[in-house]
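Here's the structure, in structure tokens; my notes come after.
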Amino acid sequence: MSSLALTPAHRGVIRAAMTALWRPYTQMKTAAPPLEAVRTHGSRIVLADGRELVDGIASWWTAVHGYNHPHIAAAVAAQLEAMPHVMFGGLTHAPAERLAARLAALLPGDLNHVFFTDSGSVAVEVALKMAVQSWLNRGVTGRTRVLSFRGGYHGDTMGAMSACDPDEGMHRRFGAYLPAQVFCDLPGTDAETAALDAVLAFHRHELAAVIVEPLVQGAGGMRMHPPEVLATVARLARRHGLPLILDEIFTGFGRTGTLFACEQAGIVPDILCLSKALTGGTMALAATVATGAVFEAFWSDDPAAALMHGPTFMANPLACAAADASLDLFEREPRLAQARTIEARLAEGLAVLRGRPGIRDVRVLGAIGAVQFASPPDLAVLKARLVERGVWVRPFGDVLYLTPALTIGPADLDLLVASVVAEALRSA
Ligand SMILES: *Cc1c(COP(=O)(O)O)cnc(C)c1O
């Protein structure tokens, strides 16, 4: 045995070092070790070994202004000096008040009542609880289920998981643990519209709400639907007297080319969830926003009619300051025009993949470009090859997608598109 060989004790130390951190959605025994990031700037992630990767997915769609935008950094630094955090029970503060007022002004209709939490999943939990409790507060019992759509993704906590696609979603193994929801296909055809109508009629006495991701089902497969489909969902929910929850956690803040995806269908939901890009990718924050009619159901002399939720770090002032600064940037800088420019470049650049053997579909909407393979490629190999080209992406299942920062420059965007095209052709 050479003196350079690892002893079992050494191996134990290495294993402990590699397993001290539990990784997200990762089979740690077989996955390649994670890359160590040390710095970010613009659309780029700098690794510990000096390599620089162009981030094709803006850190799970959050970093819409690119990394390290000085305006957000300055706002957070100033807030850190003044007051990093106070509890929100019994206290309020300007960062939260200002942010809530600005969100209410930006959102359509009378979505004016903002509940802050710290992750998208919890924003969905709050939306579900709002819907369920609003019925109870009106004296209606038995409405505890939601109607959700196949292909959807709404988060990783209990209620959110229960609304995800029950068969193809990431949580199918938890079926028996979860509340049973009602699932339908999105109403793309007349037959699907009739089916949704019938399911709503059959289950309406036990339904509290309808929940949907508008225009794009993100983590469920980057599946896109036209605004008319969303309008149909809204119309049928209304016809059956059910509140509509829009999960804009992925689509909110310019990703689909408008500030909010629901604008493209001209609809106003009863409850809307935001997170991901809310702070421009800097801090954990989420918001569940309700209309006056939903809020009214909680406005009462009865203490038990209050909304029964309140996370310790809700409305964290640092995160609110970051989100407020992010909204400044949407006002001052041409983010929506940038999303349109990215859309045109993605559509043009990915078009060569259409109809190629092994490629099932190519979809583009706003700053989202998705390539769907006919069968799932070897994702580890695909990711590694793209890293070799200087590109950071996170393909899943049979989908390789790009959702870059809205501020990405033309050279970096060209590198992303060229690399995705080359590696998709090679993997297909
Ligand atoms: C990411 C996401 C969530 C969950 O948000 P987390 O912050 O990861 O809890 C919920 N819904 C949609 C549409 C999302 O994209």
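The values are calculated or read from the model by the stated rules, or taken from the named source; none is laboratory data. Source: prediction; values computed, not measured. With ideal geometry, Cβ positions are generated from the backbone for all residues, glycine too; neighbour counts draw on all protein chains shown. Surface areas here come from the heavy atoms of the whole protein model, side chains and all, with no ligands, DNA or RNA. Shrake-Rupley method; radii C 1.70, N 1.55, O 1.52, S 1.80 Å.
Overview of values
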quantity: Area accessible to solvent at D361, 1.4 Å probe radius, in Å²; calculated: 50
quantity: The chain: most fluctuating residue of A123, A411, A94 per GNM, C-alpha cutoff 10 Å; calculated: A411
quantity: Accessible area of M224 in the full protein assembly, 1.4 Å probe (Å², nearest 10); calculated: 50
quantity: Excluding exposed DSSP-loop GluC sites (Glu not before Pro) (at most 16 other C-beta within 10 Å), longest clean stretch of the chain; calculated: 169-428
quantity: Highest to lowest packing among 306-318, 109-121, scored as the average C-beta count within 10 Å; calculated: 109-121, 306-318
quantity: Largest-first principal axis extents, alpha carbons of segment 262-377, Å; calculated: 64, 32, 31
quantity: Stokes-Einstein translational diffusion, segment 370-428 - Kirkwood Rh over all Cα pairs, 1.306 mPa s, 10 °C, in µm²/s; calculated: 137
quantity: Projected area averaged over orientations for segment 202-334, convex hull of C-alpha atoms, nm²; calculated: 10.2
quantity: Accessible area in the full protein assembly, largest first, 1.4 Å probe, for D378, D55; calculated: D378, D55
quantity: Cα extents of segment 86-230 along the three principal axes, largest first (Å); calculated: 49, 34, 31
quantity: Nearest-0.05 FRET efficiency for W299 and L47, computed from C-beta distance (R0 56 Å); calculated: 0.60
quantity: Fluctuation leader among L272, L128, L386 - the chain, Gaussian network, Cα springs under 10 angstrom; calculated: L386
quantity: Most fluctuating residue given options P376, P303, P410, as computed from a GNM of the chain linking Cα atoms under 10 Å; calculated: P303
quantity: In Å², nearest 10: area of I271 left accessible to a 1.4 Å probe; calculated: 0
quantity: Sum of -39500 (n - 2.57) over DSSP H runs of 4+, divided by residues of the chain (222 nm, nearest 500); calculated: -11500 deg cm²/dmol
quantity: Potential extension, F313-V381 segment - 0.36 nm per residue separation minus Cα distance; calculated: 20.5 nm
quantity: Sequence of W299, W135, W60, W392 from largest to smallest accessible area, 1.4 Å probe; calculated: W299, W60, W392, W135
quantity: In Å, descending, principal axis extents of the Cα set of the chain; calculated: 76, 57, 50
quantity: Over segment 25-155, equivalent-ellipsoid semi-axes from the Cα gyration tensor in Å; calculated: 35, 25, 15
quantity: Fully extended contour minus Cα-Cα distance, from W60 to E97, at 0.36 nm per residue; calculated: 10.6 nm
